[in-house]
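Presented below is the structure to which this report refers.
The values are calculated or read from the model by the stated rules, or taken from the named source; none is laboratory data. Just so it is clear, the model here is predicted, and its values are computed rather than measured. Cβ placement follows ideal geometry from the backbone for every residue including glycine, while neighbour counts extend to all protein chains displayed. For accessibility, only protein heavy atoms count, side chains too; no ligands or nucleic acids. Shrake-Rupley method; radii C 1.70, N 1.55, O 1.52, S 1.80 Å.
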Amino acid sequence: MELYDFLEFAPFNQMRERMGTDQFGQFELFDPSRHLTGEERSVLARQGLPLPRSLLSRLLDYCLCYKNSRVAIIDEGVLHLAQCDRFPDRDQYRAGTSTRAFEATSTVCSSCLQTLNYQGYDEQKARKEYHNRRVLERFSLEAFWSDYVLYPLNRDREKVKPIGRL
C-alpha cells in the first residue's frame, strides 16, 4: 500500500494558505488527565484551584506545573513559582495563573527567584543587592509568564518530576 503525500495535496495546501501559514504544526490528542480543559484554565486564572501534592509537578527548570501549564501557588501570602528551599511542605496547595486567582495580596518568594535566577536575581552576590531589590519590587506574575511560557507545555518534550519532600 502506498501512502498519499499530503504535502502535495492541493486542498490541504490551499487550507494552509487561507490560514496564513506555511508551517505544518503539531497535533497532540487531547487527554484530560494530561491537558488542561478550558474550564480548568479559566478557574486557574479567575479564582485558583486547590490541588493535592500528587497533582503538582515541577519542570527541570524547577517551575511548578499542573498538567500542561505552569502555575504558581500561594502559601501564607507568599507566591511560589518554583520548588525552592522554602517551598511549603503541604498535602494541599492553592494554584493559580494570575494575581486575580489569589484572594490576598502576596509577595513573591525571593528563594524562588533565586532558584530560577529570574532576571539575574542572585542573593549570593552582595553587589547585586540593589538589582535584587528592584526585581522584587517590580515583580508581576503577568511579566513572569512572558519570560516563562505559561501554557501549553508539551509534556512529551518537557521533563516533569513530582514535587518531592524537602
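With each label modelled as a point 7 angstrom along the Cα→C-beta vector, the ASP75-THR99 pair spans 2.3 nm. Of the solvent-accessible surface of the chain, computed with a 1.4 Å probe and all protein chains present, 51% belongs to carbon and sulfur. Each helix, a run of at least 4 DSSP H residues, gives -39500 (n - 2.57); summed and divided by the residues of the chain, these come to -7000 deg cm²/dmol at 222 nm. The heavy atoms of TYR118 offer some 10 square angstrom of accessible surface to a 1.4 angstrom probe. Sequence gap at least 6, Cα distance under 8 Å: using those rules, report the relative contact order of region 52-166 to the nearest whole percent. Over region 52-166, the number comes to 35 percent. Solvent exposure of region 19-112, expressed per residue, is 52 Å² of accessible area, with all protein chains present and a 1.4 angstrom probe. Full extension of the chain between SER33 and GLU17 yields a length gain of 2.4 nm, computed as 0.36 nm times the residue separation minus the alpha carbon distance. Once the Cα-Cα distance is subtracted from the 0.36 nm per residue extended length, the SER146 to LYS161 segment shows a gain of 3.1 nm. The alpha carbons of region 66-155 give a radius of gyration and a Dmax of 13.2, 39 Å, in that order. Taking 0.36 nm per residue of separation and subtracting the Cα-Cα distance, full extension of the segment from ALA126 to PHE24 would add 31.8 nm. Using only side-chain charges placed at the Cβ, +1 for Lys and Arg and -1 for Asp and Glu, the dipole size of the chain relative to its Cα centre rounds to 660 debye. For VAL108, the amide hydrogen comes within under 5 Å of the amide hydrogens of LEU79, counting only partners 5 or more places away or on other chains and with H modelled in the peptide plane. The three principal axes of the C-alpha atoms in the chain carry coordinate ranges of 64, 37, 29 Å, sorted with the longest axis first. These residues, ARG100, ARG58, ARG133, go from largest to smallest accessible area, 1.4 Å probe, as ARG100, ARG133, ARG58.
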